[in-house]
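Worksheet for the structure shown next.
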Amino acid sequence: MTSQEELNAKLRYHFEGYVVNKGLSNRQDIKRVPKFVAEHLLTKISEETDPIVFNEKLMKVIEIVNTLYPEPKDKDKILDKIIIKKLSHKIIDEIKVEVDEKHEIRKAIIPSLNLRNVMISDEVVEKNEQLLSTGIWGLATLRYCDPMLDSNDRPITLPIIVEKFEPFHVANIDLKEFMEKREYFTLDEWMNVLVNTVGLNPEVYTQKQKLILVSRFIPLVENNANIMEFGPRATGKTYFYRNISFYTRVISGGVVTPAQFFYNIARKTIGEIGLKDCIVFDEVAKVRFPRPEEMMGKLKDYMVDGHFERGPKKATSLCSLVFMGNIEVSGYVPAEDINYALPEFMRNDTAFLDRIHGVIPGWEIPKIKKSEIHLSKNYGFSVDYFSEILHELRKMDFTPLIRSMVELGNVTIRDEIGVYRLASGLTKILFPNKQFEKEDLKMVMDFVIELRQKIADLLHRMAPGEFERKKIEYSIKS
């Protein structure tokens, strides 16, 4: 069996410049920014072998984060420097650009300073087109600039411009290279790399537990995958989705409106579902919809084929949905004991639950207790790189491959869709090069059918007259 030191060396050799020491990125003193921001900066020093130089550079990274990522209380101090003193200022933030159709100009949004109508250089936008879609974390240089005026000489922008911008993500990733280099790792090694990548120590998890952890990647690599996960607190559910991809939006309880989620009629802007690869309802029992019947109707329609409409807007999206809840259990949990972790308007809706492709058994994952034991001290992919890889993998579809090799039995159409979609996603993250043996496919199918079986069991318990008791079956074609 490959030692962790050997695996570190192999990963650094084959993916030089794209890996980072997770022991460093887990440090509390660089937690103020998302993990992919910290790791982007850390990859620049990860190959430094001189410990003195390394520590100097690490302290510099920490200083950069603490100095340039502004706190809300610093807003007026920064504005005074730019607007009153006419000095330039650098900040780290997630910059988003929107187009003002009425005045035919671009405006930047700077969340940390709670500013919307900021001018931005055309050159910056043209070099970073992603600013117009999901927004990008990076280092922005702000300076004073006379505001733009409308026809009545009224200002339509603030007297600030984003003059320069350095994105904190890897540009022009080579997905083909990533897929080809998978062959240098055994399945066990690859699963350990993936677990290390999310910041956890693979040595404390069983093979089944590692598979559960890796299954969390499914909605990030598979389009329109709808998944639930229930488990105790402190098992890394929220941490995973918040820190592994900047194409993910985590909604932690609270009120979710159709305007926020689908389409804002007044502002004519698309909601979160059209902007992200994955939306996670964290602590789903605390989620509230202003008009549950309307929202659930639109949600169920969307979960069928990715289509949605609100007011004049009709659109499609590939966004996956994850519903997570906290339950205090140990060991196996019968299906009928799961849905109590849902809000009332979801709990007894069999049509909604049937559209969930599978339930990840998060209750089988041990709690993260001691950082020196449960957190990784080894190398994994840097999140800024891996986030782009996950995003690109969504453009591939492994479903035809799985269908050509597997035949399902005793299933409905929704069972079939769910199983194949889960199998496609899990195969994609474990075997992106499509090179796997029959035993590997059996492992994938056994696991994803377990996830879907939990939905089938739950539906039978809720409505035995409509949903018969059954055991989903499959066979691998010769």
Q.
Out of 177, 166, I need the residue that is free of Cβ contacts under 8 Å to residues at least 12 places away in the same chain and either within 30 Å of residue 14 (Cβ to Cβ) or touching a His at 6+ places or on another chain (Cβ under 6 Å) (or both). Which one?
A. 177
Q. Residue 337 versus (1) free of Cβ contacts under 8 Å to residues at least 40 places away in the same chain; (2) in contact with a helix residue (DSSP H, G or I) (Cβ under 8 Å, 6 or more places away or on another chain); (3) not hydrophobic (A, V, I, L, M, F, W, C): which is the lone unmet condition?
A. (2)
Q: Report whether or not residue 309 is assigned to a strand (DSSP E or B), surrounded by fewer than 18 Cβ atoms within 10 Å (Cβ to Cβ) and in the same structural domain as residue 262 (by TED's automatic domain parsing).
A: yes
Q.
Among the residues of segment 133-147, are any within 24 Å of residue 388 (Cβ to Cβ) and free of Cβ contacts under 8 Å to residues at least 40 places away in the same chain?
A. no
Q: Take segment 46-78 and flag every residue that is within 30 Å of residue 147 (Cβ to Cβ) and part of a loop (DSSP other than H, G, I, E, B).
A: 69, 70, 71
(Q) Just to be sure I understand the filter: pairs with C-beta atoms under 6 Å, separated by 6 or more residues or on different chains, first member in segment 238-262 and within 16 Å of residue 326 (Cα to Cα) and not assigned by TED's automatic domain parsing to the domain that holds residue 286, second member assigned to a helix (DSSP H, G or I) and hydrophobic (A, V, I, L, M, F, W, C). Which pairs pass? (A) none
(Q) Suppose the filter is in contact with a Gly (Cβ under 8 Å, 6 or more places away or on another chain) and among the aliphatic types (A, V, I, L, M); does residue 53 pass it? (A) no
Q) How many residues does segment 215-239 contain that are surrounded by fewer than 19 Cβ atoms within 10 Å (Cβ to Cβ) and part of a helix (DSSP H, G or I)? A) 2
Q. Which condition number in (1) free of Cβ contacts under 8 Å to residues at least 40 places away in the same chain; (2) crowded, with 17+ Cβ neighbours inside 10 Å is the one that residue 395 fails?
A. (2)
Q. So which of 81, 86, 90, 102 is among the charged types (D, E, K, R), at pLDDT 95 or above, more than 26 Å from the chain's Cα centre (by Cα) and assigned to a loop (DSSP other than H, G, I, E, B)?
A. 86
Q: Might you let me know whether segment 372-388 holds any residue that is exposed (fewer than 15 other Cβ atoms within 10 Å of the Cβ) and either within 21 Å of residue 444 (Cα to Cα) or at pLDDT below 95 (or both)?
A: yes
Q: Just need a number here: residues in segment 420-455 that are over 20 Å from residue 478 (Cβ atoms), in a helix (DSSP H, G or I) and either at pLDDT below 95 or not acidic (Asp, Glu) (or both).
A: 15
Q: Quick one: residue 331 ticks every box in (1) in a helix (DSSP H, G or I); (2) at pLDDT below 90; (3) not aromatic (Phe, Trp, Tyr) except a single one, so which number is it?
A: (1)
Q) Does segment 179-188 contain any residue that is β-branched (Val, Ile, Thr), outside the structural domain of residue 294 (by TED's automatic domain parsing), closer than 30 Å to residue 125 by Cα and outside any helix (DSSP H, G or I)? A) no
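The values are calculated or read from the model by the stated rules, or taken from the named source; none is laboratory data. Just so you know, these numbers come straight off a predicted model, no measurement behind them. Glycine also receives a Cβ, built like all others from the backbone with ideal geometry; neighbour counts cover every protein chain displayed.
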